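Encoded as structure tokens, the structure appears first; notes follow it.
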Amino acid sequence: MNPQDETVPAVLEERRSQRSGTDVEESKISVGVSVAAEDSCEALEVDTLGIPYDENPEPGGVLPDAERSVGGVSEITAPSHYIPLNQVCVPAPALSVLNEEVISTNVVDREHAPASDGDRRANARSSLRAGLAAQESGAFDSAAALFSLGRKQLGGDGWEVDGETMLKLCSEGAHASYTIDDFDTMNQLIDEVLGRDTSVQEKFRVYEVKMLVEQTLGNYHKSIELGFDVRRQLGLPTLKDRPASVLSIMIGYAKTSRALGNRTAEELANLPTLTDERIIMGQRMLELLEISCYQAQPKMFPLLIFLMVRTSLEHGINASSCDAFAGLGILLCGGFGNPKRGLEMARAAELILEKPGMERMTSRIRYICEGLIHHWISPLRSTLDPLLEGCEEGLKFGEGQSAGINQCLHVAHRFHSGLPLCPDTLPDMIDQSVGLQNDSKSESGGTLKAGMFIVKVYLLVSKVLVGTSSDEGEVSTAFDSLLWAAKKMSNQTLRGHIYTGQLELKVFFGDFKSALELLIEAGDVRSGFFATFTGLRFTFLAALTYLKSAQSCDTRERRRWKKKGLKSLKLIRGWVKKENVNLEHSLLILDAELAVLERKRSAYIEDRYKSAIQTAKVNGFLQDQALSNELASLYFAGQGDVTRRGSYMKHAIDCYSEWGALAKVDQLT
């Protein structure tokens, strides 16, 4: 800062008092300031120095001949420092930094132009600090503009003048540009940094952005390849982009379990802090790799988690450790049949999240814990509000991917939990989720796009059930389009949701022949949404379809489909045994259908149906309460028991009507 800058406010005040009333062309920054008084929001308009000015600024500037000036700097008086910006919105925290930092350094000695290297460095550094503050506050448009300002302040030879600051301005600018969908600027900055002859550590931030971009485009294998390449450059252990064998997974699990021992969540959260920058970068790469592997290479996912956990135990914990322990919780719940220990790992992640500097993980840990862990023991409906909060948190902190995943898990859980479909609850919820995403300037592409397609799946299924989409041809075309999108993005999660949605419709409308054909076409899609409730739901629907198909087949086919049904039923029985309250009624439905297949006593079969109906009612699964009544009615119709058939059918219609499945009601009446 120049010595004379200390007198700048007084000088500006004196010169403003000397202005006449002539109009001038305005060049300004409009800065939005959040005011916490009576929930109001006011706008404070400032010039390029951050100095407030009247709505009708007077002519003049630093010199009488300044043609464009609303403050102390104009194109004529200081061309190197007069850089107008367009409508930058900075929340209060960022504005305070803008006022304190940018004002203090962007005012240069008017008698010395062009600016000295020292002035350029000071100005650019203040813009960098202001941009980082804006970014931290969620003002990503402002951050991108401030980083751009800093690069312009350094000038064309900025790398030579202050290479460290230029590197940060380009790297953070690439991330901010990615967040606001300015991919042209982002690509330019990425290429500029990667083209420099610098270390992998210095290029790490743009590598991070580049991985996000590949995920945005659905290029998950490219993202995996890049992540492994960065880890190799860091000199850290890496894997190959191929499915892991069962043996390698079991060996990894054994090593990790040994290293973990019986540590509690509190003990894990109190491990030493990770300080080795190289290891921190390696952990971040694994964190990003998880996203791509979950979508495109799910059998590699466990090995990444094991590596992250062992690294945290050996070197200490940081933000990525939240992901490590939460990821282990996913595996313990969904793969190794130990949901209680899985919940302990989720608790460890949540405790680490409470430490300072972990904010960026808030949305991500929310969807992992609520979407992939807690439903194994807790009621499904208890996850709805936290998932919606997780979406909002993701948008707040610029974590578009996590926001999108929270969003689509919320939609899926909302549908599966059996809350009424109409007149407006599900459509309103979907509109709200779409609105939250549209409000975000972030397009963390592949994942967010897949999330929006998943929303469309459940919206389509709901419309068919409600009766607002009744044309079978149009519905079939819509599902085919979604499958094409899933294939194009190589997104196994989206593909799984699409087939589950179609299977829901086949089962609810009693078309078990088509449901069986659909299962054969889909194959086992559960690896695409490993540990999610939708994966569990698919298992139930598949088991029911196999058992119903076996009931209507000849001896040879009956054995085939019964075997498949029993395999899925065994899984569900094991999950219920481990206290999964969301599948208790599903198991009872399958027990009843197995008893029908095995021609057990009518009293036993009815007892199973009644138990299923009552359990579904108590746990709030209205749609399965209706389904249980309908299946019981069909059974007694086959037995020639008109009274019981009519009684159960009446209850089925009442439940379907309450759920909002009016098209199904029309079918039954």
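Between LEU217 and TRP159, what length in nm is gained on full extension when 0.36 nm per residue of separation is reduced by their alpha carbon distance?
Numbers: separation 58, 0.36 × 58 = 20.88 nm, distance 3.07 nm.
Separation in residues times 0.36 nm, less the Cα-Cα distance, equals 17.8 nm.
Quickly rank 389-400, 275-286 as a protection proxy: mean count of other C-beta atoms within 10 Å, highest first.
Sorting 389-400, 275-286 by mean packing, highest first, produces 389-400, 275-286.
Set the bar at 29 Å for Cα to Cα. Now go through LYS548/LYS650; LYS340/LYS488; LYS506/LYS600 and name every pair that lies beyond it.
LYS340/LYS488
Taking R0 as 22 Å, what's the FRET efficiency between GLU472 and LEU668 from their Cβ-Cβ distance, rounded to 0.05?
Details: r = 18 Å, r/R0 = 0.83.
Efficiency for this residue pair is about 0.75.
How many nm separate the modelled label positions at PHE336 and LYS578, each set 7 Å beyond the Cα in the direction of the Cβ?
Reported label-point gap for PHE336 and LYS578 is 1.1 nm.
Treating the stretch 159-199 as a set of equal point scatterers at the Cα positions, no solvent, please give the Debye-formula log₁₀ I(q)/I(0) at q = 0.19, 0.21, 0.22 Å⁻¹.
-0.51, -0.60, -0.65
Taking 0.36 nm per intervening residue step and subtracting the Cα-Cα distance, what contour gain separates ILE520 from THR273 on full extension?
Full extension from ILE520 to THR273 adds 84.0 nm.
May I ask you to list the residues of the stretch 645-660 whose amide nitrogen lies under 16 Å from a point 7 Å from Cα along the Cα→beta-carbon direction of LYS617?
Residues 647-659 fall inside that zone.
What is the stretch 523-658 by shape, rounded, prolate or oblate, if you read a ≥ b ≥ c off the alpha carbon gyration tensor as root eigenvalues and call it rounded for a/c under 1.5, prolate for a/b larger than b/c, and oblate otherwise? Numbers along the way, then the final one.
On the way: a/c = 1.88, a/b = 1.19, b/c = 1.59.
Verdict is oblate for the stretch 523-658.
Taking the C-alpha atoms of the stretch 483-542, how large are the radius of gyration and the largest Cα-Cα span, Dmax, in Å?
Gyration radius and largest Cα-Cα distance of the stretch 483-542: 11.0, 32 Å.
Show the residues, 5+ positions off or on another chain, whose built amide H is closer than 5 Å to the amide H of ILE317.
Under 5 Å from the amide H of ILE317: THR273, LEU274.
Give me the percent of accessible area attributable to carbon and sulfur for the stretch 517-591, probe 1.4 angstrom.
Numbers: 1720 of 3310 Å².
That fraction is 52 percent.
Give a residue-ordered list of calculated ³J(HN,Hα) values for the stretch 344-353 (Karplus: 6.51 cos²θ - 1.76 cosθ + 1.60, θ = phi - 60°; whole Hz; x for Gly, Pro).
Result, ordered by residue: 5, 5, 4, 5, 4, 4, 5, 5, 5, 4 Hz.
If you count only protein heavy atoms with a 1.4 Å probe, what accessible area per residue comes out for the stretch 513-669, rounded to a whole Å²?
46 Å²
Arrange the peptides 170-180, 294-304, 238-248 so that the one whose residues have, on average, the most other Cβ atoms within 10 Å appears first. Can you show the working numbers first?
Working: 170-180: 25.5, 294-304: 22.5, 238-248: 13.9.
Descending mean neighbour count gives 170-180, 294-304, 238-248.
Give me the one-decimal Kirkwood hydrodynamic radius in Å for the stretch 182-225, with the sum taken over alpha-carbon pairs.
When all Cα pairs of the stretch 182-225 are included, the Kirkwood radius is 10.9 Å.
In whole Hz, what ³J(HN,Hα) sequence does the stretch 263-268 give by Karplus (6.51, -1.76, 1.60; θ = phi - 60°), x for Gly and Pro?
Taking θ as phi minus 60°, the curve returns 4, 7, 4, 5, 5, 5 Hz for the stretch 263-268.
Output the Kirkwood hydrodynamic radius of the stretch 262-356, Cα pairs only, in Å rounded to one decimal.
13.1 Å
Applying a 10 Å radius around every beta-carbon, put 201-214, 256-269 in order of their mean neighbour count, most first.
201-214, 256-269
What does the charge dipole of the stretch 117-180 about its Cα centre add up to, to the nearest 20 debye, if the Cβ of each Lys and Arg holds +1 and the Cβ of each Asp and Glu holds -1?
Here the size comes out at about 100 debye.
Return the whole-Å distance between the Cα centroid of the stretch 174-228 and the Cα centroid of the stretch 544-598.
48 Å
The values are calculated or read from the model by the stated rules, or taken from the named source; none is laboratory data. Quick caveat, the model's predicted, so the values are computed rather than measured. Every residue, glycine among them, receives a Cβ derived from its backbone with ideal geometry; neighbour counts consider all protein chains shown. All accessible areas refer to the heavy atoms of the entire protein, side chains included, with ligands and DNA or RNA removed. Shrake-Rupley method; radii C 1.70, N 1.55, O 1.52, S 1.80 Å.
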